[in-house]
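The values are calculated or read from the model by the stated rules, or taken from the named source; none is laboratory data. All of these numbers come straight from a predicted model, not from anything done at the bench. Positions of Cβ are backbone-derived with ideal geometry, glycine not excepted, and every protein chain shown enters the neighbour counts. Each accessible area value is taken on the protein alone, full model and side chains, heavy atoms only, with ligands, DNA and RNA left out. Shrake-Rupley method; radii C 1.70, N 1.55, O 1.52, S 1.80 Å.
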Amino acid sequence: MSKFNFPESIRSRPTYGTLEARAGKSHLFVADAEGAEAIIDLAKTDDSLMAKSHVIYIPKDTGEKYTSQLEKLGINQLYVGPSFAAAQARLQRTLERAHMGLQLYLTGTEGLMGQAQRDAMTAGIPHTAIQTEHRGSIGRRMQCVHCKGITEDVKIDPFVCSHCGLNLFVRDHYSRRLAAFQAVCIDAEDPGNVPPSVELYS
Amino acid sequence: MSGVEKINVKVSAIVPLNELVTRFEFKRTDGALFPTFSGGAHTVVEMIDDGLTRLNPYSLMSDPMDQGTYAISVRRDDEGRGGSLFMHNNVKVGDDMVLSNPVNLFSLDLRAKKHLMIAGGIGITPFMAQIKQLDRAHGNWELHYATRNAALGSYVDELTATHPNDVNVYYDDDKNFIDLENLLDGQQLGTHIYVCGPKGMINWVRGKTAELGWPLEAVHYEEFLAPQPGKPFEVKLSISNKVITVGENESLLEAIEREGVDAPYLCRGGACGQCETAVIGYDGKFIHRDHWLEDDEKASGKKIMPCVSRFEGKTLVLDR
Ligand code: FES
């Protein structure tokens, strides 16, 4: 099962739901890795939905596993790309040309959903009107508040900033504008005093 | 005192626009500047009518940046409880009146890429101020204004003269109606829609936008409910330990205020939620008329919005 129940946290921390088909003429999905499962599940609940949908899918490390299943859903327009960065221009162009009534569905990892949400907000969709469903890895997209560098798919706490090398503490404080959680130096007061890293939510 | 801060004003001009609608302009008595406001804000006008104090909300329709004058436009309602008739018949230039500071329950969402405005009749008033605000910021907007006919089309000439490309006017008498479905279809992503007009129009726009998958966050509406007359009823106010009778032509909120009990309010039209009051006990039935409480709250018998809702029955005890 690709679902994970995040424990309750501070208000800043994003929460996710379960995708449901909504009214509208056009439907845009952005998904990565196990997020494909949420699309497959949703397609079962509404047989007319996929024919009205544009799906942008990034398999990440799942290889061909889901792509072949998605191809069988009768999706109007299916794009499979190597990374979010590679797919982003397509997403932005699609949003730019879109009309009111477009339904946006994001599913997969938090980093993917957060970045797609940021583009959608810029295009004028209120963030509360965007559906999200978390699937797959609990790795997070973290910003180092000191050097501002982003480290993707962080699964341990503390971790080492991939840009400046500081030892960072993983927090739930989230920025929608940056599409990242905020990480703070853990040993600033007492350099070198760093607790051993543990897996997130272990 | 409840409500927001008050401003003492003098009526500086009264301009009849047509058979039904008159504009009232105000200047401050102390000569100071009015606060600026945001388009869509209303002011609560205090009217002392033969010993009865009425506090009625009207949308401010002057330029939000004009600190010298506030203006409202009032449609005469011969069937109502008399607030608009009082304005039309009793108010004269030079009269002293009291307004509240502006309160906005119908503000523009400035994150919108485009503002699509739908006005019905006197519902044009908040848009007059919003358009001035947007023009100053070079905002992207479009108005669709339905009214009975040219003779009753308040501000039609002014709007079409200044904004010939952005203002679309529809006259019911010419069987010219807003083609809502086509209008909504194809609006760019990030458009917000605003509707002010009769209840039927608001429901129509809310229904169609929902059908077409517009997010609720992008659909804004304002409908002030005027309190309706009804059978007199008795209420016990438990905190102030008073038993009061609500008359046929006053609202529960007005009756509470008449007895000198301070009760919270902002809009006095069932929209803002400020006046929500807990019910301690009752025997009878509620006549809920607000847009604030959810259906299950209305059914629970635990809450009432005294600005517009009434009660029929033996006893009602409020936590006030
Ligand atoms: S005063 Fe606003 S709902 Fe009653």
With respect to B:Asp295, is the statement that it is touching a strand residue (DSSP E or B) at 6+ places or on another chain (Cβ under 6 Å), open to solvent by 60 Å² or more (accessible area, probe 1.4 Å) and not polar (S, T, N, Q) true? no
Residue check for A:Thr45: within 25 Å of B:Ala210 (Cβ to Cβ) and open to solvent by 20 Å² or more (accessible area, probe 1.4 Å): yes
Restricting to region B:178-195, and then to whatever is within 24 Å of the chain's Cα centre (by Cα) and away from chain A (no Cβ under 14 Å), can you tell me which residue is surrounded by the most Cβ atoms within 10 Å (Cβ to Cβ)? B:Val195
Count - residues of region A:165-197 that are within 26 Å of A:Met113 (Cβ to Cβ) and open to solvent by less than 80 Å² (accessible area, probe 1.4 Å): 14
What is the residue count in region B:293-320 for residues that are more than 9 Å from the ligand (Cβ to nearest atom) and touching a residue at least 60 places away in the same chain (Cβ under 8 Å)? 10
Among the listed residues B:Gly230, B:Gly269, B:Gly213, which satisfies the condition of being within 15 Å of the ligand (Cβ to nearest atom) and touching a strand residue (DSSP E or B) at 6+ places or on another chain (Cβ under 7 Å)? B:Gly269
Quick check on my filter: what residues within region B:282-292 are within 13 Å of the ligand (Cβ to nearest atom) and either out of contact with any helix residue (DSSP H, G or I) (no Cβ under 6 Å at 6 or more places or on another chain) or open to solvent by less than 10 Å² (accessible area, probe 1.4 Å) (or both)? B:Arg289, B:Asp290, B:His291, B:Trp292
Flag for B:Asp262 being in a loop (DSSP other than H, G, I, E, B), more than 13 Å from the ligand (Cβ to nearest atom) and within 24 Å of the chain's Cα centre (by Cα): yes
Taking region A:65-74, which residues are more than 21 Å from the chain's Cα centre (by Cα) and part of a loop (DSSP other than H, G, I, E, B)? A:Lys72, A:Leu73, A:Gly74
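What number of residues within region B:19-63 are among the β-branched types (Val, Ile, Thr) and surrounded by fewer than 22 Cβ atoms within 10 Å (Cβ to Cβ)?
So the count comes out to 5.
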Picking from A:Leu106, A:Leu95, A:Leu73, which residue would you name as being of a type in the set (A, V, I, L, M) and under 15 Å from A:Glu34 (Cβ atoms)? A:Leu106
Could you tell me whether any residue of region B:72-82 is farther than 27 Å from B:Gly197 by Cβ and surrounded by fewer than 21 Cβ atoms within 10 Å (Cβ to Cβ)? no
Which listed residue, of A:Arg90, A:Arg97, is more than 14 Å from chain B (Cβ to nearest Cβ) and open to solvent by 40 Å² or more (accessible area, probe 1.4 Å): A:Arg90
Test result for A:Ser9, touching an Asp or Glu at 6+ places or on another chain (Cβ under 7 Å) and either more than 14 Å from every other protein chain (Cβ to nearest Cβ) or not β-branched (Val, Ile, Thr) (or both): yes
Run down B:Val308, B:Val279 and say which single residue is in contact with a strand residue (DSSP E or B) (Cβ under 7 Å, 6 or more places away or on another chain), crowded, with 16+ Cβ neighbours inside 10 Å and within 23 Å of B:Gly3 (Cβ to Cβ). B:Val279
Quick one: count up the residues across region B:161-172 that are open to solvent by 80 Å² or more (accessible area, probe 1.4 Å) and under 26 Å from the mean Cα position of the chain (by Cα). 1
Take the residues in region B:216-227 that are away from every other protein chain (no Cβ under 14 Å) and closer than 25 Å to B:Ile118 by Cβ, then tell me which one is farthest from the chain's Cα centre (by Cα). B:Tyr221
Filtering region A:1-33 down to residues that are surrounded by 13 or more Cβ atoms within 10 Å (Cβ to Cβ) and of a type in the set (S, T, N, Q), which residue is modelled with the highest pLDDT? A:Thr18
